[in-house]
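Q: First the structure, then my questions, so here it is.
The values are calculated or read from the model by the stated rules, or taken from the named source; none is laboratory data. What you see is a predicted model, and the numbers here were worked out from it, not measured in a lab. Cβ sites come from the backbone with ideal geometry, for glycine too, and all protein chains shown count toward neighbours.
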């Protein structure tokens, strides 16, 4: 089940300030059937158009005893255009790493898979005249524009595939997370991402975004094996 959770750090978190320079960091705790199973932390800094996004995910609680898994990711963007992307997932004797470099209308890709002592490496150049973005940068762009464009698509490149993920502004809603109440915009997405070791996403995902700050405070993600809910810590 944990293999699903990487998708949450891939494209469901955004830094919600809308000024020229942006600095934000936060952590989220994920629950599966009310049991805490993961912790996800993100940070984003943008200065003079250069954005740097980092994300981590790791198992916690009972799940950690059975599945000690860690994910790390980084993206560099210039004026909301992808420049570099790195992502790694590790579990015991298995790991997979992705490196992307975006150049003009091309994406230079490398992928490394390690199982025990066996390492396989792949490289490929992918045409990108359509301007697909890495998952982190695509999410940043979504939250910069959704107040003005109430529906559209996230154009995401990941694991050798191009995805058009539909999103739509649904409604405004007041919710309570922990001891705090938030007035939120509700976004609905229908992701269909598949990566190494991942099982399938399913149905509609919801993101509750704080009206005041633009930060996500709650996410409900659906997979073919169940539902995970992440709350801002």
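Q: Of all residues being farther than 18 Å from residue 164 by Cβ and in contact (Cβ under 8 Å) with a residue 24 or more places away in the chain in segment 106-142, which is farthest from the chain's Cα centre (by Cα)? Just the residue, please.
A: At the first step, the residues of segment 106-142 found to be farther than 18 Å from residue 164 by Cβ are 106, 108-125.
From what's left, in contact (Cβ under 8 Å) with a residue 24 or more places away in the chain: 109, 111, 113, 124.
On the way: 109: 19, 111: 19, 113: 21, 124: 23 Å.
Only one residue fits best here, namely 124.
Q: Residues being under 30 Å from residue 216 (Cα atoms) and out of contact with any helix residue (DSSP H, G or I) (no Cβ under 6 Å at 6 or more places or on another chain): count how many of those fall in segment 110-137. Steps first, answer last, please.
A: Restricting attention to segment 110-137, the residues satisfying the condition of being under 30 Å from residue 216 (Cα atoms) are 128, 130-137.
Applying the additional criterion that residues be out of contact with any helix residue (DSSP H, G or I) (no Cβ under 6 Å at 6 or more places or on another chain) yields 128, 130-134, 136-137.
Adding up the residues that qualify gives 8.
Q: Checking residue 123 against (1) touching a strand residue (DSSP E or B) at 6+ places or on another chain (Cβ under 6 Å); (2) at pLDDT below 95; (3) surrounded by fewer than 13 Cβ atoms within 10 Å (Cβ to Cβ), only one condition comes out false. Which one?
A: (2)
Q: Among the residues of segment 96-120, write down those that are under 23 Å from residue 68 (Cα atoms) and buried (at least 17 other Cβ atoms within 10 Å of the Cβ).
A: Matches in segment 96-120: 96, 97, 98, 111.
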